[in-house]
Amino acid sequence: MRHSLTFDIAHMLAGSLVLVSFLQLYQDRLYALLNVFALHATVLALSVAWQAHAQDAPHLYITAAIALLFKAIVIPIALHRIIVRLGIHRQIEKVVGVGPTMLLGMGLVALAMVVMLRVTSEADPLAREDLAFALSVVLLGLLMMVTRRNAVSQVVGFMSLENGLVLAATGAKGMPLVVEISVAFSILIAFIVIGIFLFRIRERFDTVDLQALDSYRGERP
Amino acid sequence: MAVIADFLVQGAQMLIVLLTAPMLTGLVRKIKARMLRRAGPPVIQPYRDLVRLMRKEVVLADTASWLFRVIPYFIFAATWVASSLVPTFRTGLLFSWSADLIAIIALLGSARFALALAGLDVGTSFGGIGSSREVMIASLAEPAMIMIVFTLALVAGSTQLSTMAGFMESSAVGLRVSLGLALIALVMVAIAENARIPVDNPATHLELTMVHEAMVLEYSGRHLALIELSASLKLLLYLSLIACVFAPWGLAGPSAGLGALAVGALAYLGKLATGGFLLALFETSIAKMRVFRVPEFLGAALMLGLLATLLLFVSRSL
Amino acid sequence: MNLVVLADDAFSFLVAWEFMSLSSWALVVAHHRVPDNVRAGYVYLIMASLGTLALLLTFGVLAGPHGGYAFAEIRAAHPSPALSALVLCLAVVGTGSKAGLVPLHVWLPLAHPAAPSHVSALMSGVMTKVAVYGFVRIVFDLLGEPAWWWSMLVLMLAGMTCVMGVLYALMQHDLKRLLAYHTVENIGIIFIALGLGLAFKAYGMAWAAALALTAGLLHVFNHSLFKSLLFFGAGAVLTATGERDMEHLGGLIHRMPHTAFAFLIGCAAISALPPLNGFVSEWLVFQAILLSPQLPSWGLKFLVPAVGALLAFSATLAAACFVKAFGITFLGRARSSAASAARETDRFSLAAMFSFAALCLIAGILPGLFIDALAPVVQVLAGGRMPVQTGVEWLSIVPIAQSRSSYNGLLVFLFMVISGALAASAIHRLASDKLRRAPAWDCGYPDACPATQYTASSFAQPIRRVFGSVVFRAREQVEMAPPGDPRPARMTVVMHDPVWETLYLPVAAGVGYAAERLNHLQSLTIRQFLSIVFAALVVLLLVLALWP
């Protein structure tokens, strides 16, 4: 089946986003993780910009610019500052090792492909595969949140999950700018709240390691 | 007449790979040295090393057997046959249908099998370290390579390298996600198989960092010359493979005239130089990994290859 | 064994099968004074009985309520899909336990090493193949059209068998146990090919099914060749040194050069290295996998690439395993006095080994002959066949079409010989031919003691650390004596067998518990015994009364 170059490049960019999500799962140092997250946001911005060009929808350029400015530049720098000020331990402890995590990631990508390609069997085949990639990015973001002990890496997982949602929305041809702005705004609020909480937790308990914090929960004697 | 011309072309290919391999190694070393602000050895130094080794006497350990003496010839034969089957300046070589990509990888696998046996032959602990680490690295690198072969074969519809190269050069291929993943995985596997940083240091003499060097520690003289030449040939093979599959521009077709052949040869030399430069750049900018991080690195390559194959199984357009 | 293959009805099949099991059991416990052998025989008997029970039920269901036990009658009857599924599961248990599919493989590594070496060769090389024959006969021939999910079950079991078999083999340092675990891995490869054939047959792709089946059957033949060769070699080593443990061998290539050469050919063949025969069958299986995207089932679309990755992984680990087996046993320096006093075996054993080695080479160079010989069988089972191989130029083999892929073992072999000869003659002319013997360089730290060289466990350590820590929960414990204490340091490796601990131990515990409870039946009064007999009689009469 021959496609035009436009669709091929869109696929490549979506596939690269999945690849960078895997790269995030592989990292075990915090600063490297922030750099890879910046790369994730950059690839997302490129993908959205390309979709703007392919679908001839200029408002998507603004979405791409927002993604590039906030997620690739502002948020990584802010997180970097938080890490320095909190003095967080810079090695990411994982619940499961790299090998099983990657295998789980593979399984999630396979699951996303099966679900998307079966559920949307009458839609345009190219949009279906883009949606499958977007679902994979969302699932990989969730996997990252579930298998990391460090709170900052959980924030990064949450952000990359939202990147997957943006990819899905732009791929589906016609996400109004209003929705995008409201989603981005809510994410920003959530991020600020999380940052404030991290500071409070750090002040009270001297650590943001979730395993250690677990012992302070009310139900245990 | 056509058959004789084909014979000549195949013979030329075998000679070209043999003569260019040390030059490639020399080029990579020179560029690495320059990047580290050293003058570095001249590019033709590997040729001088080979001649010097040939003239020297072989010092054989007391405990070495006949296998130890035969293995360098076997490794050289297997690697040379494999590298003459990868199209360099022209596709459709005379005997290219006798061994496809899977057979080429298996030939390299037999060379590695023999080298691992040579490491164990003399009965020292260094050889044991090299052999055991080498088979651990191979246990993940070769499945990753087979997955890459599956991806390429599913895209091109055949496991023959000439057919693959021809398909990649035509306009039917387009940009594909699976090919991108396969390229990244192939680069990672090539680094591991050729014992380059970050997997293994080709210039080390400390046993904690040795894999390939430890297996050939006891070799000297003409045997060592053959093994070094085989290692250079293997690097050339992997670069030619990446070039003919992912950068096939300039490759002459099966029935090309002298002009097209000359263009193909020049394009090939250009690709080798570029590949060597990029390899030297990569090696200088990254540190060598701890031995037990290599399985994670190669596991990632295996996952990428598996993902690429999976995408092709699920959807023919990906 | 021959009677099983020749049987044309279920009754003679089962009788011959039982006879085969019993006679091999007798051979396994032949050296009954060794306590390990008695335990091996006990486990073997239990598993063989389980397998025969499953096969009895299989043939019972196939024969149906009218009791038509002849194969011709069974082929004519068409059972419902539910019954066919039941037959498949029973056949997998019955034949799989004799062949060595994980998790029914536990008797194989105990029984095959316990038997005398030529019997081990027969058991590993041929008896497991009779089980494969049983599976092929029941599932491909007698059951008719397969459902799509049958192949998924077979492929999953086979993939697991492949990887587990070779990982177990890598952890062994007993030479014959290593070879026995390796048989498990190769059975996995054969069942992968058979599973693929089932999948293609279920969707009506006859020529693809023919390719997969030919690959499986060719591997059956190849495996019997090189596994027998390897067991003969192991037997020769055992007779010459009295040792099966690789940790006490070494340097045998100097003492037993001919055995070493034949064993090397066997190792190279089983590691699927061209131009020998192991490579041909693996290559055909890979070509069959490459045809699989055309299968419409989603489950298979995900399972087949994963199985392909597992197959490639186990093939590489098999090569690692045989580097270890040959390298530690034959190369290096002798690790015990028994190894340094070994003598070459007699001419008859050597002749047997060399004839097998020659057959391995011939099957690798001229595979077309064997593929064409298998074609009539494949035609019956799959309804199609591979293209005729003998007419292809230069004796290559072409699995599907010339334009797609081909392989020529003879040319590869000739090329390697010619290049090697060219290199040797060039070196002789141009290079110095002086040679001097000296102590090993060893980076300037020479060690006279042979205990400092790598052992079987140390060779497997990187792989044990990477894969064994996950699969076998392998842990190394080092106990160092405190300073001033002259005791040696001790390193212990603790591994758990996952199949044994999760499946067999709970079942054995359950059986023990039930036996204990039922023990009360031994000590009842006469009145209670009579009432049990009375109750059984009443129940049977009720069943007879209420049966429609």
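Throughout, read-outs are computed from the coordinates displayed, never taken from laboratory work. Predicted model, so just to flag it, every value in this text is computed and none were measured. Glycine also receives a Cβ, built like all others from the backbone with ideal geometry; neighbour counts cover every protein chain displayed.
Just the Kirkwood number for segment C:373-527, please: inverse of mean 1/r across all distinct Cα pairs, in Å, one decimal.
Here the Kirkwood hydrodynamic radius works out to 25.3 Å.
Give the range of the longest stretch in chain B that excludes all trypsin sites (Lys or Arg not before Pro) found in loop regions by DSSP and having at most 14 other beta-carbon atoms within 10 Å.
Values: sites that count: B:Arg37, B:Arg38, B:Arg290, B:Arg316.
The segment B:39-289 is the longest one with no such site.
What are the equivalent ellipsoid semi-axes of segment C:141-227, built from the alpha-carbon gyration tensor (square roots of five times its eigenvalues), in whole angstrom, biggest first?
Numbers: eigenvalues 156, 39, 14 Å².
Its equivalent ellipsoid spans semi-axes of 28, 14, 8 Å.
Roughly how large, in nm² to one decimal, is the mean projection of the convex hull of the alpha-carbon atoms in segment C:255-339?
The directionally averaged projection comes out at 6.9 nm².
In whole Å, what three semi-axes, largest first, describe the equivalent ellipsoid of the protein assembly as shown built from its Cα gyration tensor (square root of 5 times each eigenvalue)?
46, 41, 33
Could you put B:Val177, A:Val95, C:Val304, C:Val87 in order, starting from the residue whose Cβ has the fewest other Cβ atoms within 10 Å?
Sorted ascending by nearby Cβ count, the order is A:Val95, C:Val87, B:Val177, C:Val304.
Rounded to the nearest 0.05, what FRET efficiency do C:Glu145 and C:Leu414 give with R0 = 35 Å and r taken as the Cβ-Cβ distance? Could you check?
Computed FRET efficiency for C:Glu145 and C:Leu414 comes out at 0.20.
Taking amide hydrogens as modeled 1.01 Å from N in the peptide plane, which residues meet the under 5 Å criterion relative to C:Tyr407, leaving out close sequence neighbours?
Long-range HN contacts for C:Tyr407: C:Ile397.
Using the Karplus curve 6.51 cos²θ - 1.76 cosθ + 1.60 with θ = phi - 60°, work out ³J(HN,Hα) for each residue of segment A:142-156 in order, rounded to whole Hz, and write x for Gly and Pro.
Once rounded to whole Hz, the list reads 5, 4, 5, 5, 6, 9, 10, 8, 8, 5, 5, 5, 5, 4, 4.
List the lysines whose Cα sits under 25 Å from the Cα of C:Lys129, skipping any in the same chain fewer than 8 residues away.
C:Lys98, C:Lys176, C:Lys201, C:Lys227
Which angle from 0 to 90°, rounded to the nearest 10, does the C-alpha axis of helix C:148-170 make with the longest principal axis of chain C?
The helix C:148-170 is inclined about 40 degrees to chain C.
Treating the beta-carbon of each Lys and Arg as +1 and of each Asp and Glu as -1, no other charges, what is the dipole magnitude of chain B about its Cα centre, to the nearest 20 debye?
860 debye
Which of A:Ile77, B:Ile71, A:Ile194 has the fewest other C-beta atoms within 10 Å, and how do the rest follow up to the most?
Least to most surrounded, the residues fall as A:Ile77, A:Ile194, B:Ile71.
Got a sec to turn the phi values of segment C:460-468 into Karplus ³J(HN,Hα) couplings, 6.51 cos²θ - 1.76 cosθ + 1.60 with θ = phi - 60°, whole Hz, x for Gly and Pro?
For segment C:460-468, the Karplus-derived couplings read 7, 4, x, 5, 4, 6, 6, 9, x Hz, x marking Gly and Pro.
Bin width 10 Å, alpha-carbon pairs only: give the P(r) of segment B:86-150 as whole percents, running from 0 to the bin holding the largest distance.
19, 38, 27, 15, 2
How many percent of the alpha carbon pairs in chain B exceed a separation of 27 Å?
Roughly 44 percent, rounded to a whole number.
Please work out the Cα convex hull volume for segment B:179-318 and give it in Å³ per residue.
Roughly 147 Å³ of hull volume per residue.
Work out Dmax and Rg for chain C from the C-alpha atoms and quote the Rg first, both in angstrom.
Computed over the Cα atoms of chain C, radius of gyration and Dmax are 26.5, 101 Å.
Hey, can you grab everything whose amide H is under 5 Å from the amide H of B:Leu60? Only 5+ residues off in sequence or another chain; H modelled, so Pro and N-termini drop out.
C:Arg436, C:Arg437, C:Ala438
Starting from the 7 Å offset along Cα-to-Cβ, what nm value, one decimal, do you get for the label separation of C:Thr492 and B:Ala273?
So the label points at C:Thr492 and B:Ala273 sit 6.4 nm apart.
Could you tell me the calculated FRET efficiency between A:Glu93 and A:Ile194, based on Cβ-Cβ distance and R0 = 25 angstrom, to the nearest 0.05?
0.80
Helix B:2-35 against the longest principal axis of chain B: what's the angle in degrees, Cα atoms only, rounded to the nearest 10?
With both axes taken from Cα atoms, the answer is about 60 degrees.
How long are the semi-axes of the ellipsoid equivalent to segment B:50-196, from square roots of 5 times the Cα gyration tensor eigenvalues, in whole Å, largest first? Numbers along the way, then the final one.
Working: eigenvalues 239, 68, 29 Å².
So the three semi-axes of segment B:50-196 are 35, 18, 12 Å.
If I model a spin label at C:Tyr42 and A:Val74 as a point 7 Å from the Cα along the Cα→Cβ vector, what separation in nanometres do I get?
7.4 nm
Once you wrap a convex hull around the alpha carbon atoms of segment A:1-116, what is its projected area averaged over all directions, in nm²?
Working: hull surface 36.1 nm².
Quarter of the Cα hull surface area: 9.0 nm².
Step through the residues of segment B:121-128 one at a time and calculate ³J(HN,Hα) from phi using the Karplus curve (6.51 cos²θ - 1.76 cosθ + 1.60, θ = phi - 60°), rounding each to whole Hz and writing x for Gly and Pro.
For segment B:121-128, the Karplus-derived couplings read 5, 6, x, 10, 6, 4, x, x Hz, x marking Gly and Pro.
Which of C:Arg347, A:Arg128, C:Arg39, C:Arg335 has the fewest other C-beta atoms within 10 Å, and how do the rest follow up to the most?
Fewest to most other Cβ atoms nearby, the residues stand as C:Arg347, C:Arg39, A:Arg128, C:Arg335.
How many angstrom lie between the C-alpha centres of segment C:450-490 and segment B:232-295?
The distance from the Cα centre of segment C:450-490 to that of segment B:232-295 comes to 42 Å.
Divide by every residue of chain C the summed helix terms, -39500 (n - 2.57) for each DSSP H run of at least 4, and state the resulting mean residue ellipticity at 222 nm, rounded to the nearest 500 deg cm²/dmol.
Details: 22 runs with 355 residues, N = 548.
Roughly -21500 deg cm²/dmol at 222 nm, from the helical runs in chain C.
What do you get when you divide the Cα radius of gyration of segment C:169-296 by 2.2 N^0.38 Å, with N the number of residues?
Normalised by 2.2 N^0.38 Å, the Cα Rg of segment C:169-296 equals 1.27.
Could you tell me what a quarter of the Cα convex hull surface of segment C:1-138 works out to, in nm² with one decimal place?
Directional mean of the projected Cα hull area for segment C:1-138 stands at 7.8 nm².
Mind giving me the nanometre distance, one decimal, between the label points for A:Gln211 and C:Ser12, set 7 Å out from Cα along Cα→Cβ?
6.7 nm
For the protein assembly as shown, give me the percentage of DSSP beta bridges that are antiparallel, rounded to the nearest 5 percent.
Details: 11 of 16 bridges.
Of all bridge pairs located within the protein assembly as shown, approximately 70 percent are antiparallel.
Using the Cα gyration tensor of segment B:1-97, with a ≥ b ≥ c the square roots of its eigenvalues, what is the shape: rounded (a/c below 1.5), prolate (a/b larger than b/c) or oblate (neither)?
Oblate shape, in that a/c is at least 1.5 and b/c is the bigger or equal ratio.
State, in angstrom, two size descriptors of segment B:119-264 derived from its alpha carbons: Rg to one decimal place and Dmax to the nearest whole number.
18.5, 55
Taking amide H positions as placed in the peptide plane 1.01 Å from N, state which residues far from C:Ala70 in sequence (5 or more) or on other chains have amide H under 5 Å from it.
For C:Ala70, whose amide H was placed from the backbone, the distant partners under 5 Å are C:Ala10.
All other residues with a Cβ under 14 Å from the Cβ of C:Asp36 taken together, and with Lys, Arg as +1 and Asp, Glu as -1, what is their net charge?
Residues close to C:Asp36 contribute a combined charge of +3.
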